[in-house]
Amino acid sequence: MLGRYFERSWSHGEGHRLYDTSGAAYLDFANGIAVTALGHHHPAVTAAIHAQVDRLIGPTGAMGFAEPVARLAGMVADTLPAPIDTVMFLNSGSEAIEAALKLARRVTGRPGIVAFRGGFHGRTFGAASVTTSNLNYRTGYEPLLPSVYFAPFPAVYPDFGGDGAAASRACLAILASLFETVIAPAQVAAIVIEPVQGEGGYYPAPPEFLVGLRALCDDHGILLIMDEVQSGYARTGKMWAFEHAGIVPDVVCIAKAIANGLPLSAIATRRDLQERWGRSAHGTTYGGNPVACAAGIAVLETIEAQDLIANAAARGEQLSAGLQRFQAEDGRIGDVRGPGLMVGVEFVKDTESGEPDGATADALVAQCADDGLLVLSCGRAHQVIRWIPPIDVTAAEIDEALAIFWGALGKV
Ligand SMILES: Cc1ncc(COP(=O)(O)O)c(C=O)c1O
């Protein structure tokens with residue numbers, strides 16, 4: 001049975017508003033969980049979809065090349081740092097993770113995969129095997145993929161008092177001891193990480209940690225897989241969240257915002273990894289559908305033409321500043337964190353212990369919706385309200401959302 005945030009039926013969307021079937025309008029800062037990052041009925045995306053539907057809907061990539069598919073692959077590769085230059089399209093975030101894990105195992109000839117506690121990578125068997133954000137994603141599905149090992153994620157709140165360097169040192173030390181006592185690094189194919197944990201609670205990995213992981217991977221020939229499914233595509237004020245750490249991963253998993261709502265995902269790597277993986281080592285029937293790719297081209301052109309990376313950074317600062325003002329006045333807010341427009345507001349029973357307060361966050365999600373603002377929760381106890389506004393959000397819309405949120409806070 002599907003879970004749902006809202007018992008509402010949606011009729012249509014226009015810009016940054018979603019409309020329910022009764023005609024009520026909602027400022028949509030949820031975006032179908034970071035998918036419609038340019039909002040609804042975006043003129044460029046809609047026109048690109050219409051034009052491509054009239055021209056060519058199929059066929060599968062196994063038949064050869066289609067213009068929008070090849071073009072988008074080149075455009076996505078151009079957004080990534082060298083030596084990443086090769087893109088394979090798939091359909092969903094989970095599939096991108098599956099592909100990355102398969103590539104890592106076959107290319108390295110090693111079985112081990114290291115993932116992080118609290119991470120979410122999807123719901124297919126491989127992706128669920130590296131997911132620990134909630135027991136519900138794993139319960140009843142054992143045995144999951146073997147040779148998966150978990151290490152702690154350096155969440156700086158509440159345990160490290162905001163000290164990213166200390167959190168990184170502590171977690172890298174535990175990883176080092178995992179390699180000394182549990183699995184030899186020479187047996188590890190890949191380390192997979194979200195640069196900002198999403199479903200797990202909107203925890204950004206401190207840059208020092210990602211730098212440390214990169215060094216560890218280099219020392220031991222391990223592939224570093226960056227799950228940018230939720231954090232990518234300008235969301236954090238950079239095109240890719242890993243750029244905040246100045247590192248280059250081996251494999252990048254991409255989905256959600258890539259086609260503003262049409263099903264499309266990708267893995268990006270350097271060419272030699274794809275070549276070592278081998279022809280037909282992986283494949284897909286629907287991945288890289290020309291219509292979804294045409295939408296993807298419009299998304300990237302819009303990000304570039306409207307300088308939306310800079311917009312996400314600037315509007316993110318405005319949003320975080322507003323939320324920090326609320327934190328100073330409302331003792332239920334324990335933490336406000338996250339880069340750009342990927343901001344988490346954590347609710348706690350008391351700020352000393354940092355004990356999560358999911359009930360308040362749940363009530364707030366419902367109250368905000370009643371008051372015309374869609375935000376979502378995340379975290380193991382749903383204690384974090386996550387803010388995922390469209391990346392082309394305006395300053396006036398951020399102010400409007402903050403005002404609704406503050407009003408709703410007074411009611412729950
Ligand atoms: C970081 C991350 N990875 C992977 C996934 C799985 O993506 P999908 O639901 O498209 O399979 C998600 C979905 O929320 C995600 O947030």
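Bear in mind that the values in this text are calculations on the coordinates, not laboratory data. Values in this document were obtained by computation on a predicted structure and should not be read as measured data. Cβ coordinates were reconstructed from backbone atoms using ideal geometry, including for glycine residues, and neighbour counts include every protein chain displayed.
Dipole orientation for the chain: of the candidates Trp240, Pro59, Ile404, Pro59 has the Cα lying most toward the positive pole (charges on Cβ; Lys, Arg +1; Asp, Glu -1).
Aspartates and glutamates near Lys411 by alpha-carbon distance under 18 Å, same-chain residues fewer than 8 away left out - which ones? The qualifying aspartates and glutamates are Glu329, Asp330, Glu346, Asp357, Asp362, Asp370, Asp371, Glu400.
Considering the convex hull of the alpha carbon atoms of region 131-258, report its projected area averaged over all viewing directions, in nm², one decimal. Don't skip to the end; give the middle numbers.
Numbers: hull surface 33.1 nm².
So the Cα hull casts an average projection of 8.3 nm².
When the Cα positions of Tyr203, Val76, Ala184 are compared along the charge dipole of region 45-305, Ala184 comes out farthest toward the positive end, with charges on each C-beta of Lys, Arg, Asp and Glu.
Taking other C-beta atoms within 10 Å as the exposure proxy, Leu135, Leu300 rank Leu135, Leu300 from fewest upward. Within the P(r) computed for region 111-179, what percentage of the Cα pairs occupies the region above 21 Å? Tail of P(r) above 21 Å: 32 percent of Cα pairs. Set against the 2.2 N^0.38 Å expectation for a compact globular protein, region 45-305 has a Cα radius of gyration ratio of 0.99.
Could you work out the local net charge near Ala361, counting Lys and Arg as +1, Asp and Glu as -1, over the other residues with Cβ closer than 10 Å to its Cβ?
Numbers: positive: Arg332, Arg386; negative: Glu346, Asp357, Asp362.
With Lys, Arg at +1 and Asp, Glu at -1, the neighbours total -1.
Taking amide H positions as modeled 1.01 Å from N, with prolines and chain starts lacking one, the residues under 5 Å from Ala151 and 5 or more places away or on another chain are Ala115, Phe116, Arg117. Note on region 205-279 and region 31-86: Cα centroid distance 18 Å, given to the nearest whole angstrom.
Return the lysines within reach of Lys256: Cα separation strictly under 26 angstrom, same-chain partners fewer than 8 residues apart disregarded; answer none if there are no such residues. Once the sequence-local lysines are set aside, what remains near Lys256 is Lys102, Lys238. Subtracting the Cα-Cα distance of Glu352 and Arg4 from their residue separation scaled by 0.36 nm leaves 122.1 nm. Packing here is the average count of other Cβ atoms within 10 Å per residue, and on that basis the peptides 3-16, 198-211, 154-167, 357-370, highest first, run 198-211, 357-370, 154-167, 3-16. Charged side chains reduced to their Cβ positions (Lys and Arg at +1, Asp and Glu at -1) give region 45-305 a dipole of some 500 debye around its Cα centre.
Comparing Leu364, Leu323, Thr139 along the charge dipole axis of the chain, the residue lying farthest to the positive side is Thr139, per the Cβ-charge model. The packing ranking of peptides 140-149, 125-134, 306-315, 62-71, highest mean first, is 125-134, 306-315, 62-71, 140-149, where packing means the average number of other beta carbon atoms within 10 angstrom of each residue. Each of Leu178, Leu56, Leu264, Leu373 was scored by other Cβ atoms within 10 Å of its Cβ. Listed from fewest to most, they are Leu56, Leu178, Leu373, Leu264.
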